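Engineer: Take a look at this one; I'll ask things after.
Read-outs throughout are calculated quantities, based only on the coordinates presented, and are distinct from any laboratory measurement. Owing to the predicted nature of the structure, the values given are computational and were not obtained by experimental measurement. So basically every Cβ, Gly included, is an ideal-geometry build from the backbone, and we count neighbours across all protein chains shown.
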Amino acid sequence: MSELAPPISDPYGSSPVGTLVGVVFVESRASTPLGPRILHANAEMLRLSGYDASSLIGSPLGLIYDRNKLPGLIENLPVIATASSYYYMDRLLVRAGGTRRLCRWTIRPTNREGETPGLFVLTAEPVMVPSDQTARAGARDSSRVMSATKNDPPTTVASPEKAPASRGRTPDSQPDPQVAAQSAPAPTAPTAPIPPVAKAVEMTAPPERDYEQCRSESLSLAVAGVAHDFKNALQTIKMNLELAALATQSAGKAAIHISEAALALGDAETLARQMLAFTRGESTQRRVIRLSDLIERVKLLCSAGTGVQCRLFLKEGTRCVEGDPNQIYQVLHNLVINACQAMPNGGTIDIISDNADLGEGNDFGMAPGRYTVVSVRDRGCGIPPHVLPRIFELDFTTKQNGSGVGLASCQAIVTTHGGAIRVASQVGAGSEFLVFLPSTDAVSDQVNQDPAIRPPGERIMPSGSGRILVVEDEPGVARSTLAMLKLLGYAGLHAGTGEVAIRLYREHLESVEPIDAVLIDMTLPGGLSGLEVAKELWALHPGVRLVATSGYFEDDAVLPAGSPFAGLLPKPYGMEKLSEALEVAVS
C-alpha cells in the first residue's frame, strides 16, 4: 500500500490513517460453520485478501477473518444489528495461501440510505507500524481489544452521513455496557498533518502451520456444506422409504428390499453425523457398547444382495467395550466388506465374538489385560506374504479402484480405543482379522430398533389433527413431508420461501381454517432465514407454535430456555419423530 494513497472515499469504510480500505458485505446470519457468507467485496478487499471475486464472493467470512475470534463475532451479530454506528477491532486478516495480516476491522449493519437492509458491512485496513520492534509487539498482542474510552481521541474519519462512531469494545469480545453506550458525532478529517507511516508489515505464522491450518479449515468448510446437503437428500430418502414400507405387503419381496435400503440409510445417517462432528472439532462420545448389536447389523447390511453367507458365532457372556459405537461399527463394516470383496464368486464369512484374558508373552503380542475379541474370517484369495506387512499403511491398496484408507482408518480407530488388530492370511485359503478391544464389566444401554426398518405390520400408526405449514425450500423434502402429514391425519400447506410462509400464515390467521403449527427449515437460502421467519410470525401472532428443523442440528439438541420454538427436529427425521414433535406443538 502506497504511503501516498488518497484518503478514503468509500462511504462504507472508516479509516484512522486516511488510506483505502477493503470492504465486504455479508449475510445477516451465520449460515455456515465459518460465519455469514460474503455477498460483495470491493477491489481493495480482493487485493488485500489475495482472492479473486469468484473465490471470495459466496464464501464464508471465516475464510478471511481471524478464526480464533470468529465465534465471538458471530455470537454478537444480533447486538451489532441494532447499532446505529459501527464497532472496530484489530484482528488478523487471513490471506489466500494462509499468510496473515493485522488489520483494523469495522463492522456495522446496513442502515444507511440506499443500502440493502438486513446485511452487515465490514471494512479492513492493514495496521501500519513505525518499526520492526513495534511490529513484533503487535504480533505478540494482535488479538488485544482496541476499544475507545472516554479520554481516547477519536479514531475514525467522518462518513458522508456523519454517523456516530461506536466507542464500545470489539463485537467479538464481551462488551462494556458503560463504555459502549457512549458515542459522539464522528469528527471531520483531522487538521493536523498526518505523520509519515512506515510500510505495512505482513504478519505470518510459520509456513507449515499456515498451510496445514488453512487446508484443514478449508476442508472443514467443504465437509460441513456437503454434510448439510447430504442430510437434506437423506431426509427425502428416509421419508419415501417409510411411505413405501407402509404401502407394501409386509411379507412381500419389496418389503425385504425396503428394509435393506433402510439399513443402508442408517449407515449414511451415521456418516453425515460424523462429517458434521469433524467440522466442529468435536470429540467422540464414548459409551458402553454391546458388540453383538453392531455385528448383527453388519451381517444384515454386508451380505445383502451378494452370494456371501455370513455366519455368526456370538458367545454368550461376551463382555461389553467402551467407545464410540459409530467408529467401532465402521471398523467391523470395513472388515466384512473386505472379506466379501475377497470372495467375488461368493463364499462364507464367519464372525466370532469372545472374551480373552491375556497375560505376559501371549501369542498375539498384546499387552496383558482383559479384552473383547471379534474375529472376521473369510475363505477368499488370501494376502501374499510380501503384501501383508503393508496393508495398514495409508494410501496402500491392491484393489484397482481402492483408496488405501479403509484398513488404515480401522487400525487408527482401534488404537485410539486402546486396542489392536492382528491378521493372519494364507494365499488361496483366506484371511482372519482379530480386533482386540479392552473389556468392561459395565452393561450397555439397550439399543432400540429404528422404526424405519420395522416391518409395516409391526408399526403403530400415530394420528393427529390440525393444519401444518411446512416452510421448506427443497421440493423433494416438502413433497414427502406433506405426504407423511396426510398419513398422520394433518392437513399440510407448503411455502418454499419465508416471504410466502408469512403471507400464508397471515391469510389463515383470521380465517375459519387457522394454521395450528409451522415446521420451519432454519437454513433457507436467500431471502428470509428460518430464524427471521420465526420472528416475523411471532410478531404477527404471539404464541404461534413453531418447530425448527435443520441438517445442522445434533440428534440430541435441546431447546434453550425462553426459545420461541415448541420443538426441534434434526434432519433426517422419520414419521415417529415428526409425529412426536407435532403432537407437542399443537397440544
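Engineer: From the backbone phi of region 84-101, what are the Karplus-calculated ³J(HN,Hα) couplings (6.51 cos²θ - 1.76 cosθ + 1.60, θ = phi - 60°) in whole Hz, Gly and Pro given as x?
Structural biologist: Values per residue, Gly and Pro as x: 8, 9, 10, 9, 9, 6, 9, 9, 6, 9, 8, 8, 4, x, x, 5, 10, 9 Hz.
Engineer: Let me ask another. Give me E27, E322, E75, E125 sorted ascending by neighbouring Cβ count inside 10 Å, so fewest comes first.
Structural biologist: Ranked by crowding around the Cβ, least crowded first: E75, E322, E27, E125.
Engineer: If the label point is 7 Å along Cα→Cβ of A424, which residues in region 311-328 have backbone nitrogen under 18 Å from it?
Structural biologist: Counting only backbone N, you get 313.
Engineer: Under 5 Å between amide hydrogens, which residues at least 5 positions from L314 or on another chain qualify, with H placed 1.01 Å from N in the peptide plane?
Structural biologist: HN-HN under 5 Å from L314: S353.
Engineer: Apply the Karplus parameterisation 6.51 cos²θ - 1.76 cosθ + 1.60, with θ equal to phi minus 60°, to every residue of region 45-60 and state each ³J(HN,Hα) to the nearest whole Hz, in sequence, with x for glycine and proline.
Structural biologist: 5, 4, 5, 5, 7, x, 9, 8, 4, 5, 7, 7, 6, x, 7, x
Engineer: Around G492, which amide H atoms from residues at least 5 apart in sequence, or from another chain, sit under 5 Å from its own amide H, with H modelled in the peptide plane?
Structural biologist: I468
Engineer: Between W538 and E576, what's the calculated FRET efficiency when r is the beta-carbon distance and R0 is 25 Å? Round to 0.05.
Structural biologist: 0.35
Engineer: Can you list residues from other chains, or at least 5 along the same chain, whose modelled amide H is less than 5 Å from the amide H of I349?
Structural biologist: Q309, C310, R311
Engineer: Related question: For a footprinting-style exposure proxy, rank I520, I74 by other Cβ within 10 Å, fewest first.
Structural biologist: Going from least to most buried by this count: I74, I520.
Engineer: Of K486/K535; K253/K299; K486/K577; K253/K577; K238/K315, which ones are farther than 25 Å apart at the Cα?
Structural biologist: K486/K535; K253/K577; K238/K315
Engineer: Pull out the extension gain between R287 and L314, defined as 0.36 nm times the separation in residues minus the alpha carbon to alpha carbon distance; nm, one decimal.
Structural biologist: 7.6 nm
Engineer: Still on this structure, I have one more. Regarding region 291-443, what are the three Cα extents along the principal axes, ordered largest first, in Å?
Structural biologist: 42, 32, 26
Engineer: Once fully extended, how much extra length lies between R479 and E115, figured as 0.36 nm per residue of separation less the alpha-carbon to alpha-carbon distance?
Structural biologist: Here the answer is 127.3 nm.
Engineer: Further question: Output wanted: per-residue J couplings in Hz (rounded whole) for region 354-361, from phi through Karplus 6.51 cos²θ - 1.76 cosθ + 1.60, θ = phi - 60°, x for Gly and Pro.
Structural biologist: Running phi through 6.51 cos²θ - 1.76 cosθ + 1.60 with θ = phi - 60° gives 6, 9, 9, 9, 9, x, 5, x Hz.
Engineer: To make sure I understand, if each residue's beta carbon is the centre and we count other beta carbons within 10 Å, what order do S259, S511 fall in, fewest to most?
Structural biologist: Ranking S259, S511 by Cβ neighbours within 10 Å, fewest first, gives S511, S259.
Engineer: Given a Förster radius of 41 Å and the C-beta distance between R370 and V226 as r, what FRET efficiency does 1/(1 + (r/R0)^6) yield to the nearest 0.05?
Structural biologist: So the FRET efficiency works out to roughly 0.50.
Engineer: Quick check: residue separation of N355 and D441 times 0.36 nm, minus the Cα distance between them. What number comes out in nm?
Structural biologist: Result for the pair: 29.8 nm of gain on full extension.
Engineer: Another question, if that's okay. Given labels modelled 7 Å from the Cα in the Cβ direction, how far is it in nm from T416 to E260?
Structural biologist: 3.2 nm
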